[in-house]
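Single-structure report; data block below.
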Amino acid sequence: MMDERDLAERLMAYDTSHPSGITTAVSFLKGWLESNAFQIEELEVAGLPVLVTSTAGDGPTLTFHGHIDVVPGKPGQFKPRVDGDALIGRGAYDMKAALAAMMCALRDLRDESGVTVRFVCVADEESESMGVRGTDVIVERGYGGDFAITGEPTNLHVGIEAKGVLALRLTVTGTAAHGSTPWLGDNAVLKAHDIFRRIEALEFARQSSKFFDRPSINLGRIQGGDAINKVPDTCVMDVDIRYVPGQSPDEIAETIAAFEDVAMEIVFEREPAHVAGDNPFVTALSESLAEVGVADARQVGRDGSSEATAFLAHGIPAVEFGPVGDGHHGPNEYVSLASLADYRRTLVAFARRVAAQGSQSHIRLA
């Protein structure tokens, strides 16, 4: 019987940064779930699959939510390897290992009668598209449950806040000239660099909140020029702004759109995530961490954005919660195998705690 490590390694071996790899990996997921006696409902959102299944218990419904897609990596990153406690490879931390542990916890809870555990796997969390998203669709169709855990990286802390996203495409215009006389032109690439520095110096970039000391501003992509001997008259850059709760993305966008010689397009937006730290489900999850021996867990905010917002927008409390690791989206991404086992045990303990409390109406009436 596959445990969370075995399953994580299998999932990491699929290059799910593109649709064909996603399709192959989802076929494996379906086979695994069906072999463990789960009935699957498969949806398609924007050409990508979404899997939904659940246990047959009564009581509150807990949704274990994750994504199978990853950002692109080099071929060697899709060959998982173990070094001591570290499982290394693309998707280890974000978030195939957590997905594997959720699946194993689902199997552990298959016969639990006092709670329903729903498992949802989407395939477009890493997408830049502003279109319809898998998580939004499943929540709108009633699969949100009473509480959701999305298994993004949190190092076994409970993520009750996440930054919002404002991803912008800025087209900067200049004036072309011969490369031998650059002083006769207006270099759009150099202007774009200056504009990015101006964005970093705006007032919002120095503001903070309870969990975040500042927003995050990243120049993710830049393209300009069409000949080495020509002063470029156009430069396009993609700027990824992660703003803190309480800030206005509209005000940030309006300020940047007012810059001279800049045309702005909003590529992607997502609201910040926030759930009350004293929510009964959040409390039960924290108590379950202590129960399995994770003594230093605390409530945190995450710099990355969160699909927990899809649940929160429909009044469903949701947190981010994942195992220990580091390096997501980087060359040395890894997850701690010991923490992965703790993660699975915590999910199981949490569901059973909710079942016990739900039978006394402590959770359902909150």
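The values are calculated or read from the model by the stated rules, or taken from the named source; none is laboratory data. This is a predicted model, so every value here is computed, not measured. Positions of Cβ are generated from backbone atoms using ideal geometry, with glycine treated the same way; all protein chains shown enter the neighbour counts.
The residue that is surrounded by the fewest Cβ atoms within 10 Å (Cβ to Cβ), among those in region 288-305 that are among the charged types (D, E, K, R) and not in a strand (DSSP E or B), is 296. When each of 99, 109, 48, 62 is tested for being touching a Cys at 6+ places or on another chain (Cβ under 7 Å), among the hydrophobic types (A, V, I, L, M, F, W, C) and either more than 21 Å from residue 334 (Cβ to Cβ) or at pLDDT 95 or above (or both), the lone residue that passes is 99.
Sort out which residues of region 220-237 are buried (at least 16 other Cβ atoms within 10 Å of the Cβ) and closer than 30 Å to residue 301 by Cβ, and write them in order of number. Listed by number, the residues that qualify are 222, 237. Exactly one residue out of 139, 122, 115, 71 is surrounded by fewer than 22 Cβ atoms within 10 Å (Cβ to Cβ) and of a type in the set (Val, Ile, Thr): that is 71.
Of all the listed residues (310, 338), the sole one being part of a helix (DSSP H, G or I), within 23 Å of the chain's Cα centre (by Cα), surrounded by fewer than 18 Cβ atoms within 10 Å (Cβ to Cβ) and in the same structural domain as residue 86 (by TED's automatic domain parsing) is 338.
In region 50-69, which residue that is assigned to a loop (DSSP other than H, G, I, E, B) and not small (Gly, Ala, Ser) is nearest to residue 107 (Cα to Cα)?
55
Of the residues 353, 345, the single one that is under 18 Å from residue 95 (Cα atoms), in a helix (DSSP H, G or I) and either in contact (Cβ under 8 Å) with a residue 12 or more places away in the chain or touching a His at 6+ places or on another chain (Cβ under 7 Å) (or both) is 345.
Would you call residue 278 farther than 20 Å from residue 108 by Cβ and surrounded by fewer than 22 Cβ atoms within 10 Å (Cβ to Cβ)? Yes: the conditions hold for residue 278. Within region 37-54, one or more residues are among the polar types (S, T, N, Q), in contact with a strand residue (DSSP E or B) (Cβ under 9 Å, 6 or more places away or on another chain), within 19 Å of residue 98 (Cα to Cα) and touching a residue at least 24 places away in the same chain (Cβ under 8 Å). Of the residues screened, residue 247 is one that is in a loop (DSSP other than H, G, I, E, B) and of a type in the set (S, T, N, Q). Looking at 132, 120, 139, just one residue is aliphatic (A, V, I, L, M), touching a helix residue (DSSP H, G or I) at 6+ places or on another chain (Cβ under 6 Å) and not in a strand (DSSP E or B), and that residue is 139.
Only residues that are touching a His at 6+ places or on another chain (Cβ under 8 Å) and either aromatic (Phe, Trp, Tyr) or in a loop (DSSP other than H, G, I, E, B) (or both) were counted across region 186-238, and they come to 2.
Taken over region 204-238, residues that are in contact with a strand residue (DSSP E or B) (Cβ under 8 Å, 6 or more places away or on another chain) and within 30 Å of residue 177 (Cβ to Cβ) amount to 17.
Here's the yes/no breakdown for (1) touching a residue at least 60 places away in the same chain (Cβ under 8 Å); (2) farther than 16 Å from residue 263 by Cβ; (3) surrounded by 16 or more Cβ atoms within 10 Å (Cβ to Cβ):
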| site | (1), (2), (3) |
| --- | --- |
| 172 | yes, no, yes |
| 184 | no, yes, no |
| 189 | no, no, yes |
| 195 | yes, no, yes |
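Of everything listed in (1) surrounded by fewer than 20 Cβ atoms within 10 Å (Cβ to Cβ); (2) out of contact with any strand residue (DSSP E or B) (no Cβ under 8 Å at 6 or more places or on another chain), the single unmet condition for residue 179 is (2).
Candidates in region 26-39 are the residues that are surrounded by 15 or more Cβ atoms within 10 Å (Cβ to Cβ) and closer than 18 Å to residue 65 by Cα; of these, the one that is farthest from the chain's Cα centre (by Cα) is 38.
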